[in-house]
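Following: one structure in structure tokens, then a few remarks.
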Amino acid sequence: MSIYEVHLASWRRADDGGFPDWQRLTETLIPYVVDLGFTHLELLPISEHPFDGSWGYQPLGLYAPTARHGSPAGFRQFVSACHDAGLRVIVDWVPAHFPTDEHGLSRFDGDALYEHADPREGMHQDWGTLIYNFGRREVSNYLIGNALFWIERYGVDGLRVDAVASMLYRDYSRSEGQWLPNVHGGRENLEAVAFLRRMNEALGQEHPAADTYAEESTAWPMVSRPPSMGGLGFHYKWNMGWMHDVLSYMAQDPIYRRYHHNKLSFGMMYAFTENYVLPLSHDEVVHGKGSLINKMPGDTWQKFANLRSLYGFMWAHPGKKLLFMGGEFGQWSEWNEAVSLDWALLDFPNHAGVRNLVRDLNSLYRSRPALHEVDFEPAGFEWIAADDADNSVVAFVRWTRDRSRAMLYVGNFTPVIREGYRIGVPHAGKFYERINTDSQYYGGSNVGNGHDGLVAEAVAAHGREFSLRLTLPPLAALFLEWVA
């Protein structure tokens, strides 16, 4: 599963600067995503919404695809075209809040009907929006019906549920005295928990092939476990902890990364507690956070090398992948929902090189079961070098379920070329360099280990009887496939 996340209005504007219609998106977006090897297309909310600047996250017409891109029939045809091209479609779905506009659900019959009357329960202070009264069966049915609606009427394959953390806690982003406890005196929103479980159960019963994804940023347990086990019932959870740790690490000057090495390895302490998606989403490239490439330290060459290294680590790491548009070619500017992506950057080799890398990472990821077959169990992962902080080197193996095939990942997070670096490997045999993010094809310096393969030597290293003697390119990731 490799997800390309898209804000349709700003992916590529129409020739007149307006919103692209469904036909244009069918002709341009779908082949682009297929060419890059993504398996899923995730759309920021397309329910009708009054304010462009909300990106769809303040919806009023939950049952109406936005007219910005054309008719409902056009959207249905777009989803069908995605399926014909082999793409599954996820739409962002927002049951966490709704705007206060008078033509919406706010005080629908003159009273607090869909929301709570008390603002301590019914108002999101961060967003100035209203919170659904999940304890009312009519409201719960309205929302669950809407979840089913997108799948049944338009053929959508999955829903990514926005702001789940804000639903789970009554004190979310609130100071003392600004929230009301539940019937047991706790902070958990019991009605929201019951709603999420019921929603996921309904989708599972009616449409077992549909997936749900939770944007949930806390340590709430068993988000992606069935309600019968006490879970919330989602299929996947966004791994926000991994994202924050890895971006924080990558932002460090390489000379200081040795002191932050645990940010690369800590994610494996909990990697199998949920079914995780690794997200580099729209939220990380807006509101002053800077684009992904501008988070990287160093000069221009190092910024590109660091970005390629980040992608190498992400595609090798357990968990499904998600990348927001523009990240695939290293857009310099922050995302701006009012304009198109900076497509002219692809005329420059460094930017085209990043896109080439993303295409090749997706190809390797999809074609090598070791990189995806066992994502949610410890059996698919084996540390080789987790503690080489002094050299800022990380190495691990991804396995197929029957352990007949393996992929060795080695990451060097410093700009130093490391000659003769010895890496322990689990077995004898030959290892072929399948991807080197320092390849000149991607804009790198072309330091590597050649294409003829490396034979494991009977020299002990990292607690293994066999090892490889590698050249580690600067600020780069290596993918080495084991052939017995």
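The values are calculated or read from the model by the stated rules, or taken from the named source; none is laboratory data. Worth saying up front: this structure is predicted, and the values here are computed from it rather than measured. All Cβ positions, even for glycine, are placed from backbone atoms using ideal geometry, and neighbour counts span all protein chains on display. Quick note on the areas: whole protein, heavy atoms, side chains included, nothing else; ligands and nucleic acids left out. Shrake-Rupley method; radii C 1.70, N 1.55, O 1.52, S 1.80 Å.
How large is ³J(HN,Hα) for each residue in region 114-119, as worked out from phi by the Karplus curve 6.51 cos²θ - 1.76 cosθ + 1.60 (θ = phi - 60°), to whole Hz, x for Gly and Pro?
Residue by residue, region 114-119 yields 8, 10, 7, 6, 7, x Hz.
Please compute the per residue accessible area over region 23-120 with all protein chains in place, 1.4 Å probe, rounded to a whole number of Å².
Result: 40 Å² of accessible area for each residue.
Remind me, relative contact order of the chain in percent, using alpha carbon pairs under 8 angstrom and six or more residues apart?
12 percent
State in Å² the accessible area per residue of region 279-324; use a 1.4 Å probe, count heavy atoms of protein chains only, and round to the nearest integer.
Value returned for region 279-324: 22 Å² of accessible area per residue.
How much length is gained on full extension from GLU138 to VAL183, taking 0.36 nm per residue of separation minus their Cα-Cα distance?
Result: 14.1 nm gained on full extension.
Based on DSSP H runs of at least 4 residues, each adding -39500 (n - 2.57), what is the mean residue ellipticity at 222 nm of the chain after dividing by all its residues, to the nearest 500 deg cm²/dmol?
Estimated from H runs of four or more residues: -8000 deg cm²/dmol.
Listed highest first by mean packing, meaning other Cβ atoms within 10 Å per residue, what order do 208-221, 181-194, 256-269 come in?
So the peptides 208-221, 181-194, 256-269, ranked by packing, come out 208-221, 256-269, 181-194.
Sort the following peptides by mean Cβ neighbour count (other Cβ atoms within 10 Å, averaged over residues), highest first: 435-442, 380-387.
Listed from highest to lowest mean packing, they are 435-442, 380-387.
Using alpha carbons only, how many angstrom separate the centre of region 317-393 from the centre of region 246-298?
Between the Cα centre of region 317-393 and that of region 246-298, the gap is 12 Å.
If each of ALA67 and ASP118 carries a label point 7 Å out from its Cα toward its Cβ, how far apart are those two points in nm?
Taking the two extended label points, one gets 4.0 nm.
For region 345-434, with only Lys/Arg (+1) and Asp/Glu (-1) charged at the beta-carbon, what is the dipole magnitude about the Cα centre, in debye rounded to 20?
That gives a dipole near 400 debye.
So how strong a dipole does the chain carry about its Cα centre when Lys and Arg Cβ are +1 and Asp and Glu Cβ are -1, to the nearest 20 debye?
1200 debye
For region 2-56, just say rounded, prolate or oblate: build the C-alpha gyration tensor, square-root its eigenvalues into a ≥ b ≥ c, call rounded for a/c under 1.5, and beyond that prolate if a/b exceeds b/c, oblate if not.
Here region 2-56 falls in the oblate category.
P(r) tail for region 374-465, what percent of Cα pairs lie past 17 Å?
The calculated P(r) of region 374-465 puts 56 percent of pairs beyond 17 Å.
Once neighbouring chains are kept in place and the probe is 1.4 Å, which whole percent of the accessible area of the chain is contributed by carbon and sulfur?
Using a 1.4 Å probe with all protein chains present, the chain comes out at 50 percent carbon and sulfur.
Taking the Cβ-Cβ separation of GLN77 and ALA484 as r and a Förster radius of 60 Å, what is the calculated FRET efficiency to the nearest 0.05?
Approximately 0.80, to the nearest 0.05.
Please compute the net charge surrounding ARG170, taking Lys and Arg as +1 and Asp and Glu as -1 over other residues with Cβ under 14 Å from its Cβ.
In short, -3.
Among VAL416, SER392, SER404, whose Cα projects farthest towards the positive end of the dipole of region 389-442, with charges put on the beta-carbon of Lys, Arg (+1) and Asp, Glu (-1)?
Checked the options; the winner is SER404.
Greater than 28 Å separation of Cα atoms is the criterion. Which listed pairs, LYS237/LYS430; LYS263/LYS321; LYS263/LYS430; LYS237/LYS289, meet it?
LYS237/LYS430; LYS263/LYS430
I'd like to check one number: the per residue accessible area of region 410-484, probe 1.4 Å, reported in Å² as a whole number.
Result: 43 Å² of accessible area for each residue.
Step by step: find N for region 95-210, compute 2.2 N^0.38 Å, then divide the Cα radius of gyration by it. What's the final number?
1.10
I'd like to know how region 1-148 sits against the 2.2 N^0.38 Å rule of thumb: what's its Cα Rg over that expected value?
1.16
Given 4 °C and 1.567 mPa s, compute D for region 150-296 with the Stokes-Einstein relation, Rh being the Kirkwood radius over Cα pairs; round to the nearest whole µm²/s.
In µm²/s, the coefficient is 75.
Taking the Cβ of LEU470 as the center, what net charge do the other residues with Cβ under 12 Å away carry, scoring Lys and Arg +1 and Asp and Glu -1?
Result for the local shell: 0.
Using Cα-only point scatterers and the Debye equation, what is log10 of I(q)/I(0) for region 314-397 at each q in 0.15, 0.16, 0.17 Å⁻¹, rounded to two decimals?
-0.75, -0.81, -0.87
So how far apart, in nm, are the two label points at GLU373 and LEU346 if each is 7 Å from Cα heading toward Cβ?
3.4 nm
Using a cut-off of 15 Å between beta-carbons, work out the net charge of the residues near ARG13 (Lys and Arg +1, Asp and Glu -1, ARG13 not included).
Neighbourhood net charge equals -4.
With +1 on each Lys and Arg Cβ and -1 on each Asp and Glu Cβ, and nothing else charged, work out how big the dipole of region 46-175 is about its Cα centre, in Debye to the nearest 20.
300 debye
Taking the Cα-to-Cβ direction at TYR432 and at ALA194 and moving 7 Å from each Cα, how far apart do the two end points lie in nm?
The two pseudo-label positions are separated by 5.8 nm.
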